[in-house]
Amino acid sequence: MTATAARPEAGRKTPQVVDMSWDPITRIIGNLGIYTKVDFANREVTECRSTSSLFRGYSVFMRGKDPRDAGFITSRICGICGDNHTTCSNYAQQMAYGVKPPPLAEHITNLGEAAEYMFDHTIFQDNMVFVDFCEAMVKATNPGVLAKAEQTPAPHGHIHGYRTIADLMRAFNPFEGAVYKEALHISRVTREMFCKMEGRHVHPSTLYPGGVGTMPEPTTFTDYLSRLMKILDFVKKSVVMNDDVFDFFYEALPGYEEVGRRRIMLGCWGAWQHYQTCDYRYENMNTWGKAMYVTPGIVVDGKLVTNNLVDINLGMRILLGSSYYEDWVNEEPFVTHDPLGNPVDMRHPWNQTTVPAPQKRDFEGKYSWVMSPRWFDKSTGDHLALDTGGGPLARLWSTALNGLVETDYVKATGHSVQITLPKSSRLPEMTLEWRIPKWSNTLERDRARPYFVAYSAAMAFDFVDRALNLVRAGDTKIFNDYELPDEAIGCGFHEAVRGVLSHHLVIKDKKIANYHPYPPTPWNASPQDSYGNLGPYEDAVQGQPIFEENGPDDFKGVDIMRTVRSFDPCLPCGVHMYLGKGKELQQTHSPMFGAGAGSGAGHG
């Protein structure tokens, strides 16, 4: 929020505050708009609001449906990560139905999700995020940085083949750069890998509660494996290319760590079920949650608050605050206690009722169709505006701190994640290590993404090994039958590409009585809540410095866009910016404090 100081801070200039907006920043789950006030005199963003102008209402029209259709319907929530929704919905249904898929079905699902992570993170990082770091953009916004990049050797040039940082930036130029074009090819190969397991991209045709419909021929897995080997050189190069560019930005622009920086409040719900440990029973959820190949956890100020999925589930709160809905707290709850006897809050997704209340947008009141998911920390009484770090940052941070994952290819150490990739066509076996960073900021969100592509590739080798061993042993069962109960509840926890994903299901009379999916973008794009907490986009952008060399007349907003995109907000390629020459809100002048001094940021 805009702050007005009683006395000017030492070294502050007279504010020159300009109202600037980017709307829409297109994403599948809705239309995202970012509204800011930028103080060009002091080079900082003084205010930010995140708004969504689209209501979709899946939680409304799911009521009364056959619960067995939930995976196919909720897949359509997103045209990017629909398979993540199907998978998560099946997890929730399997809990409600009391069914566990055979081991081979779990490996097939895990292989499909690994391919999806590799596909989506690659196309997003290299064809969308890196447009903001490519030669053309840096030349237009920070020509001084580009000049330095021309003279700076790339530390890992012996691996990726580019001599200078500027050469790397040119390789990411859209439609022309070599890496940009290679990433498009990689996205095709990884999509083929996905379709081998889940049938159709991005709305799976072979994933069902109780198992899969994928035919488990040996060639199903060897075809997947041959494609995995083809992309491995690119995966290895991507990690070190990103390290080179992001390390350079820290060096070239001192203080850039403050761009997109917010308090460390990360949430991860875990990914890839362990085929032996997971039985989908709520009573055992703490145990099988910890056995996931990405460990769930809530990380606050760098410390692990909990890795217990039962605690994570019970702590979920859906707040309204600045969103266009009527409250439901005076209605009858659907679920009063979980299967362990713990009380369930009225603001928990199991008890939520969606009652839309359309109205005019008011940034001092209601301004978004996104609700405000928060996690209630019993130890402090705080409603935490968790973010996902774009997905990979939270997943890697939680997994590293937990230190529970240990396979032939991935090992969590307590302070890092070590990822071993075998020899590929051009590059030798490599062990990459993601280390817990100092900050939760724009560059570290982006840096984590190629590391998680490598993590996914490494785990895919593990899943292929296990699947082939089962097939060779003649264990090709892929489905277990079940009976649809009259009444039941279920919850599914998974990681969509860009972060935490949960589905909460209530069944009555064999029909859906209540259903609430919560993908990562509502967590990240949420507006200010009823306790005054800003949503993560707002919090990360508001107060960040501006390093772009352009003034108000030709301002691109590249630092703001880098921050928003670092969260992977579903299709941010559709950015439109309304600017013109900008509208100056207020300029204050306090001559008694000396030339160049002034009061705090202006009000709109």
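Which residues, taken from segment 252-278, are touching a residue at least 60 places away in the same chain (Cβ under 8 Å) and farther than 30 Å from D311 by Cβ?
A252, L253, G255, Y256, E257, E258, V259
Of everything in segment 124-144, what is at pLDDT 95 or above and of a type in the set (A, V, I, L, M)? Give them in sequence order.
Result: A136, M137, V138, A140.
Being open to solvent by 10 Å² or more (accessible area, probe 1.4 Å) and either small (G, A, S) or within 23 Å of the chain's Cα centre (by Cα) (or both) narrows it down to one of G98, G82, so name that one.
Sole residue among the options that is open to solvent by 10 Å² or more (accessible area, probe 1.4 Å) and either small (G, A, S) or within 23 Å of the chain's Cα centre (by Cα) (or both): G98.
Among (1) under 20 Å from the mean Cα position of the chain (by Cα); (2) surrounded by 20 or more Cβ atoms within 10 Å (Cβ to Cβ), there is one condition T306 misses while meeting the rest; what is its number?
(2)
Which one is surrounded by the fewest Cβ atoms within 10 Å (Cβ to Cβ) among residues in segment 498-525 that are assigned to a strand (DSSP E or B) and small (G, A, S)?
A513
Checking D568 against (1) touching a strand residue (DSSP E or B) at 6+ places or on another chain (Cβ under 6 Å); (2) open to solvent by less than 40 Å² (accessible area, probe 1.4 Å); (3) at pLDDT below 95, only one condition comes out false. Which one?
Unmet condition: (1).
Could you go through segment 145-154 and let me know if any residue there is open to solvent by 10 Å² or more (accessible area, probe 1.4 Å), touching a residue at least 40 places away in the same chain (Cβ under 8 Å) and within 27 Å of the chain's Cα centre (by Cα).
Taking every residue of segment 145-154 in turn, none turns out to be open to solvent by 10 Å² or more (accessible area, probe 1.4 Å), touching a residue at least 40 places away in the same chain (Cβ under 8 Å) and within 27 Å of the chain's Cα centre (by Cα).
Just give me the residues in segment 260-291 being among the basic types (K, R) and either more than 23 Å from the chain's Cα centre (by Cα) or farther than 30 Å from F246 by Cβ (or both), in sequence order.
Passing the criteria: R281, K290.
Would you mind stating whether G270 is closer than 20 Å to Y451 by Cβ and touching a Ser or Thr at 6+ places or on another chain (Cβ under 7 Å)?
Yes, satisfied.
For segment 337-353, which residues satisfy the criterion of being touching a strand residue (DSSP E or B) at 6+ places or on another chain (Cβ under 7 Å) and in a loop (DSSP other than H, G, I, E, B)?
Result: V344, D345, R347, H348, Q352.
One line per residue, one yes/no per condition, for (1) part of a loop (DSSP other than H, G, I, E, B); (2) in contact (Cβ under 8 Å) with a residue 60 or more places away in the chain:
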{"position": "T36", "(1), (2)": "no, yes"}
{"position": "N42", "(1), (2)": "yes, yes"}
{"position": "T46", "(1), (2)": "no, yes"}
{"position": "S50", "(1), (2)": "no, yes"}
{"position": "L54", "(1), (2)": "yes, yes"}
{"position": "D69", "(1), (2)": "no, no"}
{"position": "G79", "(1), (2)": "yes, yes"}
{"position": "N84", "(1), (2)": "no, yes"}
{"position": "T87", "(1), (2)": "no, yes"}
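The rows are residues; the columns are (1) of a type in the set (A, V, I, L, M, F, W, C); (2) open to solvent by 10 Å² or more (accessible area, probe 1.4 Å); (3) assigned to a strand (DSSP E or B); (4) in contact with a Pro (Cβ under 6 Å, 6 or more places away or on another chain).
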position: Q359; (1), (2), (3), (4): no, yes, no, no
position: F363; (1), (2), (3), (4): yes, yes, no, no
position: P373; (1), (2), (3), (4): no, no, yes, yes
position: H383; (1), (2), (3), (4): no, yes, yes, no
position: P428; (1), (2), (3), (4): no, yes, no, no
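Which ones in segment 127-160 are among the small types (G, A, S) and either under 14 Å from E548 (Cα atoms) or not in a loop (DSSP other than H, G, I, E, B) (or both)?
A136, A140, G144, A147, A149, G157
Under 27 Å from F175 (Cα atoms) and of a type in the set (V, I, T), is that true of T141?
yes
Quick check: is even one residue across segment 249-261 part of a loop (DSSP other than H, G, I, E, B), under 30 Å from H85 (Cα atoms) and open to solvent by less than 30 Å² (accessible area, probe 1.4 Å)?
Checking segment 249-261: at least one residue is part of a loop (DSSP other than H, G, I, E, B), under 30 Å from H85 (Cα atoms) and open to solvent by less than 30 Å² (accessible area, probe 1.4 Å).
Considering each of D462, D408, D446 in turn, give the residue that is acidic (D, E), in contact with a helix residue (DSSP H, G or I) (Cβ under 7 Å, 6 or more places away or on another chain) and farther than 16 Å from G499 by Cα.
It is D408.
Among the residues of segment 58-67, write down those that are open to solvent by 10 Å² or more (accessible area, probe 1.4 Å), touching a residue at least 24 places away in the same chain (Cβ under 8 Å) and either over 26 Å from Y367 (Cα atoms) or not hydroxyl-bearing (S, T, Y) (or both).
Within segment 58-67, V60, R63, G64, K65, D66 meet the criteria.
Mind checking which residues of segment 445-491 are surrounded by fewer than 24 Cβ atoms within 10 Å (Cβ to Cβ) and acidic (D, E)?
Selection gives D462, D465, D475, D481, E483, D486, E487.
Let me confirm something: among K230, K181, which residue is touching a helix residue (DSSP H, G or I) at 6+ places or on another chain (Cβ under 8 Å) and of a type in the set (D, E, K, R)?
It is K230.
Here is a yes/no grid of residues against (1) basic (K, R); (2) open to solvent by less than 40 Å² (accessible area, probe 1.4 Å); (3) within 30 Å of S75 (Cα to Cα); (4) part of a helix (DSSP H, G or I):
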| residue | (1), (2), (3), (4) |
| --- | --- |
| Y162 | no, no, no, no |
| L168 | no, yes, no, yes |
| N173 | no, yes, no, no |
| A183 | no, yes, yes, yes |
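Scan segment 91-112 for residues that are assigned to a helix (DSSP H, G or I) and either modelled with pLDDT under 95 or under 19 Å from G490 (Cβ atoms) (or both) and report the count.
10
The values are calculated or read from the model by the stated rules, or taken from the named source; none is laboratory data. All values derive from a computational prediction rather than experimental measurement. So basically every Cβ, Gly included, is an ideal-geometry build from the backbone, and we count neighbours across all protein chains shown. Calculation scope for accessible area: heavy atoms of the full protein, side chains included, ligands and nucleic acids excluded. Shrake-Rupley method; radii C 1.70, N 1.55, O 1.52, S 1.80 Å.
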